[in-house]
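S.K.: First, the structure itself, so that you have it in front of you.
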């Protein structure tokens, strides 16, 4: 049972290759410095690592005993030469682990259930509280992952102990690529292993330190988990390279400063330790030294019954999660976004963006979190922290600060001074007082005022002044004041009722009526009256009665009535003014003038009129108007007037004579004819004319002439004429299409093409053609064809075409000079002579030559050369010459039959085949052979066999064959680069990296990959990719990688509890309740 935790370091992204390994080494015992040591491989040795300084001595000691480093040391030794605290045993460096287990404890120690075996699926194992057999009972175990500076190799240093040294014991260190954890409790339980391949992951390893033969020898075994078929997996053994492992047990008593089994001393053969070069075991690590890592996440230390895969499991220390990453450099932020002021009452912070970080070892994940909101009055501040984390858990932060204002309280407005009841008719504006504003957040307040409309109710006026205030966060408030006053500038209205102010002629008395007064504001008012003196004006008599009244605002009014009456016995005098008794033509009505009557007493009197009948004479009309008037005393008068006018609504009749409206082509001027006009009332009247704009449509022209006439009554008439003519001064355009003006040699006829003509006015017109005389110049002939066309206006056009051709029916004459047609034996080349050609038309023409096929009869050769020439008219000529000679320059032909020049891998001997030679002239000849030296290039072997032969003419031949084969017994080394085995959440695809394989012989070889089934554990997904490679000699290798990611597309569920959303009046604060969030994958998450 594990009772404490080692020093730990962040989980890292794993990249690298895995190479199948096994180790079963018997240890050689020897005595060193008085201590009995059992060592492995190349005897006890020092792992060339740092830390600890000086390497790690595998010599069977816990405390540093030589100049090399060890598990712990003494106060006199430099601390960098050991890795565990001498007093407590606690790790002093990262990737050093010290674990301990209860011993000899029947109640609190834990062991495996019976029947649990190493090769089984760890998820089927069980455990229970019970002590194990003494030789299988552990108390201390330690492990260290460190590196060799010389070559960057990663070493695993391991150690453990046992309670009893009686018999052989086996201490197993099992490394898992995925996690394994202990489950259940307190007395029984099991294990949860997340490996996808039978509870493990391909590439998991088991390293066993064994006390062989009861402890007389120390041994190390190395197992690797691999696939034994497509669906089954098991541990297998492999042998490590020489010098890649050391092991030793204590041969005598040694100190254990931090204690073991209740003592500070180990008895002989009670302690064992080992060192393994993991890089050499697993293959090259792809990353450089400072970024190197191993693909393991869990370490499970246990004891078992043997070194075999079928061993029964005994005691164990609870599995721990380890960090196999050597990167200790923090990421660096290359961009940290600046904060900002978010203004007033923002809904929330802007989404995280703009933070960019890089890492010396590659992948960086940037996340963010928000700190608590800091309040200072209305001001709020919150800091967002960006966290950059690399694949090894190294982190760096940068911050972004946001500020804002929370202000939901409107400003307060205060009004002072003013007079809201200014009485009657106040002068100037109303004094509503002065306003000031203040805000709870102490910022600037903008104050505006708006005067409302004045409301009138009778004489009462009211007006409201509204003040509005707005603070920096746009919170607003308003308040009002209303003033009331009276507007009264009018005196009372005096009303007179009854009475008779026009009593007619000679009345006995005058009745002025009765008076009352009403004020627009105060209502009824008192009235006083005063009668004036009677005034005489001619026949008229007048007298005025005056009434007075005043209101409460001292506004006074006065009114009066005057009575008028007449003394009259004479009729009125009628006067006619204005009018038009000669209104001219077609008047709408007759204005006889206006009549007024004046009475000697009453002045103006009413006048009535009577219109007489209208009299007609031709276009002339007459009518008489009579007026009558009488005064108030019934005295009457009469007068009349007569008007004369003309009625004429017809315009004159216009007549056009003569003219020519179709003058043909290109007229100098247009004659529209002459016009006269006659009116029904006035007779002959003048005529005017207006020429319209000339309109062009193609070659056609049109123009309209308009004549107008009007009479004395402005009745008018109009008529027009339109002339049409043609303007055309261009001949037709002749177009020639088709034809062949260069018909070449000896044409049967000449095709000059076809002609058409188009006139700009008439369109298509006929075309005539005339062929000229044929002209001869040597072999050349020419002839011209002329075409003519004319339009309806006699405009004409002409065009022509000339054809040129050749007459030639004779081929060129070829002449051959020089040459040698019998060159003897083996001539370097054949000189057939030189050729030239002359044509009767073209003169010298080119000559081409064609060499015939060489005819062979034995060693005799013949060949014919043919010359050809042709002129421009394809008249051709041909001549030839034949040469004869002998050829014998070839050595015999050597023929190799049989043999195998590519015998593949590791052949016992090489069969080059058998040789014979045949001469082209002499027939069969002898052959000799010589074997060359075997050449080695890497794994490739080559050897050349050479054969020689010569004929009777001393022509010799040589040929050779080279055999190539391979010596290769090693499989390819597979290297995985790149990839992302921890792609985070919801990756679109998994990048396992790219694999390449290099063979010690063939170099790069193809790699095939097989993706394993995706395993689901909650939101977690795992999948293993396995790569395989084989070389041309069928040596094969395999390695794998496991990716782990999360599938989570659901946001957390937020739950609000408590709170009071209806807090009533004036709450000091609002309790909205408390919020918690639970995610379907991560469980509880923070809520902001």
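S.K.: With the checklist (1) closer than 24 Å to residue 227 by Cβ; (2) in contact (Cβ under 8 Å) with a residue 60 or more places away in the chain; (3) out of contact with any helix residue (DSSP H, G or I) (no Cβ under 9 Å at 6 or more places or on another chain) in hand, flag the one item residue 1011 doesn't pass.
M.R.: It fails just one condition, (2).
S.K.: Restricting to the stretch 310-344, name every residue that is assigned to a strand (DSSP E or B), within 16 Å of residue 299 (Cα to Cα) and out of contact with any helix residue (DSSP H, G or I) (no Cβ under 6 Å at 6 or more places or on another chain).
M.R.: 313, 316, 317, 318, 319, 320, 321, 325
S.K.: Mind counting the residues in the stretch 427-443 that are assigned to a loop (DSSP other than H, G, I, E, B) and surrounded by 12 or more Cβ atoms within 10 Å (Cβ to Cβ)? Walk me through how you get there before you give the answer.
M.R.: Initially, the stretch 427-443 is screened for residues assigned to a loop (DSSP other than H, G, I, E, B), giving 427-433, 439-443.
When the remaining residues are screened for being surrounded by 12 or more Cβ atoms within 10 Å (Cβ to Cβ), the result is 430-433, 439-441, 443.
Qualifying residue count for the region: 8.
S.K.: Can I ask one more? Residues of the stretch 694-711 being out of contact with any strand residue (DSSP E or B) (no Cβ under 7 Å at 6 or more places or on another chain) and either closer than 30 Å to residue 618 by Cβ or not in a strand (DSSP E or B) (or both), which ones?
M.R.: If we filter the stretch 694-711 for residues that are out of contact with any strand residue (DSSP E or B) (no Cβ under 7 Å at 6 or more places or on another chain), which is where we start, we get 696-698.
698, the sole residue that qualifies.
S.K.: State the number of residues belonging to the stretch 833-842 that are under 17 Å from residue 863 (Cβ atoms) and assigned to a loop (DSSP other than H, G, I, E, B).
M.R.: Qualifying residue count for the region: 1.
S.K.: Check whether at least one residue in the stretch 1033-1046 is outside any strand (DSSP E or B) and more than 30 Å from residue 176 (Cβ to Cβ), and report yes or no. Give the derivation first.
M.R.: Of the stretch 1033-1046, the ones outside any strand (DSSP E or B) are 1033-1035.
Now drop any that are not more than 30 Å from residue 176 (Cβ to Cβ), which leaves 1033-1034.
Yes, the conditions are met somewhere in the stretch 1033-1046.
S.K.: Among the residues of the stretch 391-417, how many are part of a loop (DSSP other than H, G, I, E, B) and either out of contact with any strand residue (DSSP E or B) (no Cβ under 7 Å at 6 or more places or on another chain) or under 30 Å from residue 446 (Cα atoms) (or both)? Before you say what the answer is, go through the steps one by one.
M.R.: Restricting attention to the stretch 391-417, the residues satisfying the condition of being part of a loop (DSSP other than H, G, I, E, B) are 391-394, 406-411, 417.
Those still in the list that are either out of contact with any strand residue (DSSP E or B) (no Cβ under 7 Å at 6 or more places or on another chain) or under 30 Å from residue 446 (Cα atoms) (or both) too: 393-394, 406-411, 417.
Result for the stretch 391-417: 9.
S.K.: May I pose another question? Given the criterion at pLDDT 95 or above and either under 30 Å from residue 767 (Cβ atoms) or in contact with a strand residue (DSSP E or B) (Cβ under 9 Å, 6 or more places away or on another chain) (or both), identify the matching residue among 868, 795, 826, 874.
M.R.: On the way: 795 fails: at pLDDT 95 or above; 826 fails: at pLDDT 95 or above; 874 fails: at pLDDT 95 or above.
Selected residue: 868, the only one of 868, 795, 826, 874 that is at pLDDT 95 or above and either under 30 Å from residue 767 (Cβ atoms) or in contact with a strand residue (DSSP E or B) (Cβ under 9 Å, 6 or more places away or on another chain) (or both).
S.K.: Still on this structure: Yes or no: residue 201 farther than 20 Å from residue 305 by Cα, under 50 Å from the mean Cα position of the chain (by Cα) and at pLDDT 95 or above?
M.R.: Numbers: farther than 20 Å from residue 305 by Cα: yes; under 50 Å from the mean Cα position of the chain (by Cα): yes; at pLDDT 95 or above: yes.
When the stated conditions are applied, residue 201 passes them.
S.K.: If a residue must be surrounded by 14 or more Cβ atoms within 10 Å (Cβ to Cβ) and either outside any loop (DSSP other than H, G, I, E, B) or without any contact (Cβ under 8 Å) to a residue 60 or more places away in the chain (or both), how many such residues does the stretch 821-832 contain?
M.R.: Here the count works out to 3.
Every residue, every condition in (1) in contact with a strand residue (DSSP E or B) (Cβ under 6 Å, 6 or more places away or on another chain); (2) in a strand (DSSP E or B); (3) at pLDDT below 95; (4) closer than 21 Å to residue 304 by Cα, yes or no:
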{"residue": "182", "(1), (2), (3), (4)": "yes, yes, no, yes"}
{"residue": "189", "(1), (2), (3), (4)": "yes, yes, no, yes"}
{"residue": "210", "(1), (2), (3), (4)": "yes, yes, yes, yes"}
{"residue": "219", "(1), (2), (3), (4)": "yes, yes, yes, yes"}
{"residue": "222", "(1), (2), (3), (4)": "yes, yes, yes, yes"}
{"residue": "225", "(1), (2), (3), (4)": "yes, yes, no, yes"}
{"residue": "229", "(1), (2), (3), (4)": "no, no, yes, no"}
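S.K.: Hey, another quick one. Of the conditions (1) closer than 19 Å to residue 1086 by Cβ; (2) surrounded by 15 or more Cβ atoms within 10 Å (Cβ to Cβ), residue 363 satisfies every one except a single condition; which number is it?
M.R.: (1)
S.K.: Can you tell me how many residues in the stretch 618-637 are at negative phi and loosely packed, with under 14 Cβ neighbours inside 10 Å?
M.R.: Just the residues of the stretch 618-637 that are at negative phi, to begin with: 619-633, 635-637.
Then keep just the ones that are loosely packed, with under 14 Cβ neighbours inside 10 Å; that gives 620, 636.
Of the residues in the stretch 618-637, 2 are at negative phi and loosely packed, with under 14 Cβ neighbours inside 10 Å.
S.K.: Which one of these is touching a strand residue (DSSP E or B) at 6+ places or on another chain (Cβ under 9 Å), outside any strand (DSSP E or B) and either at pLDDT below 95 or outside the structural domain of residue 365 (by TED's automatic domain parsing) (or both): 420, 447?
M.R.: Details: 447 fails: outside any strand (DSSP E or B).
Going through 420, 447 in turn, just one is touching a strand residue (DSSP E or B) at 6+ places or on another chain (Cβ under 9 Å), outside any strand (DSSP E or B) and either at pLDDT below 95 or outside the structural domain of residue 365 (by TED's automatic domain parsing) (or both): 420.
S.K.: Of the residues 195, 203, which single one is in the same structural domain as residue 113 (by TED's automatic domain parsing), touching a strand residue (DSSP E or B) at 6+ places or on another chain (Cβ under 8 Å), within 21 Å of residue 143 (Cα to Cα) and buried (at least 24 other Cβ atoms within 10 Å of the Cβ)? Step through it out loud before you land on a result.
M.R.: Values: 195 fails: within 21 Å of residue 143 (Cα to Cα).
None of the other options fit; the residue is 203.
S.K.: Next up: Does residue 639 fit the bill of being over 30 Å from residue 604 (Cα atoms) and touching a residue at least 12 places away in the same chain (Cβ under 8 Å)? Outline the logic, then answer.
M.R.: Values: over 30 Å from residue 604 (Cα atoms): no; touching a residue at least 12 places away in the same chain (Cβ under 8 Å): yes.
The answer is no for residue 639.
S.K.: Being surrounded by 15 or more Cβ atoms within 10 Å (Cβ to Cβ) and in a loop (DSSP other than H, G, I, E, B) is the filter; apply it to the stretch 453-479 and report the residue that is nearest to the chain's Cα centre (by Cα).
M.R.: 473
S.K.: Return the residue satisfying two criteria in turn: it lies in the stretch 43-58 and is more than 19 Å from residue 98 (Cβ to Cβ), out of contact with any helix residue (DSSP H, G or I) (no Cβ under 7 Å at 6 or more places or on another chain) and assigned to a loop (DSSP other than H, G, I, E, B), and of such residues it is modelled with the lowest pLDDT.
M.R.: Selected residue: 43.
S.K.: I would also like to ask the following. Looking at the stretch 961-970, can you tell me whether even one residue there is assigned to a loop (DSSP other than H, G, I, E, B), in contact (Cβ under 8 Å) with a residue 12 or more places away in the chain and closer than 30 Å to residue 886 by Cα?
M.R.: Taking the stretch 961-970 and keeping what is assigned to a loop (DSSP other than H, G, I, E, B), we get 967-970.
Retained after the next criterion (residues that are in contact (Cβ under 8 Å) with a residue 12 or more places away in the chain): 967-970.
Now restrict to residues that are closer than 30 Å to residue 886 by Cα: none.
Within the stretch 961-970, not a single residue is assigned to a loop (DSSP other than H, G, I, E, B), in contact (Cβ under 8 Å) with a residue 12 or more places away in the chain and closer than 30 Å to residue 886 by Cα.
For (1) touching a strand residue (DSSP E or B) at 6+ places or on another chain (Cβ under 6 Å); (2) closer than 23 Å to residue 70 by Cα; (3) touching a residue at least 12 places away in the same chain (Cβ under 8 Å); (4) surrounded by fewer than 21 Cβ atoms within 10 Å (Cβ to Cβ), each residue gets a yes or a no:
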| site | (1), (2), (3), (4) |
| --- | --- |
| 262 | no, yes, no, yes |
| 278 | yes, yes, yes, no |
| 281 | no, yes, yes, no |
| 295 | no, no, yes, no |
| 300 | yes, yes, yes, no |
| 330 | yes, no, yes, yes |
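S.K.: Looking at the stretch 724-731, can you tell me whether even one residue there is crowded, with 17+ Cβ neighbours inside 10 Å, at pLDDT below 95 and farther than 30 Å from residue 785 by Cα? Spell out the reasoning first.
M.R.: Residues of the stretch 724-731 crowded, with 17+ Cβ neighbours inside 10 Å: 725-726, 728, 731.
Restricting the remaining residues to those that are at pLDDT below 95 gives 725-726, 728, 731.
Cutting the leftovers down to farther than 30 Å from residue 785 by Cα gives us 725-726.
Looking through the stretch 724-731, at least one residue is crowded, with 17+ Cβ neighbours inside 10 Å, at pLDDT below 95 and farther than 30 Å from residue 785 by Cα.
S.K.: Listed residues 1003, 1058; which is under 30 Å from residue 905 (Cα atoms), more than 35 Å from the chain's Cα centre (by Cα) and free of Cβ contacts under 8 Å to residues at least 24 places away in the same chain?
M.R.: Among 1003, 1058, only 1003 is under 30 Å from residue 905 (Cα atoms), more than 35 Å from the chain's Cα centre (by Cα) and free of Cβ contacts under 8 Å to residues at least 24 places away in the same chain.
S.K.: Among the residues of the stretch 638-679 satisfying the criterion of being exposed (fewer than 14 other Cβ atoms within 10 Å of the Cβ) and within 19 Å of residue 620 (Cβ to Cβ), which is modelled with the highest pLDDT?
M.R.: The residue in question is 642.
The values are calculated or read from the model by the stated rules, or taken from the named source; none is laboratory data. Bear in mind that the values here come from a model prediction, so they are computed numbers and not experimental data. We place every Cβ from the backbone using ideal geometry, glycine too, and count neighbours over all the protein chains shown.
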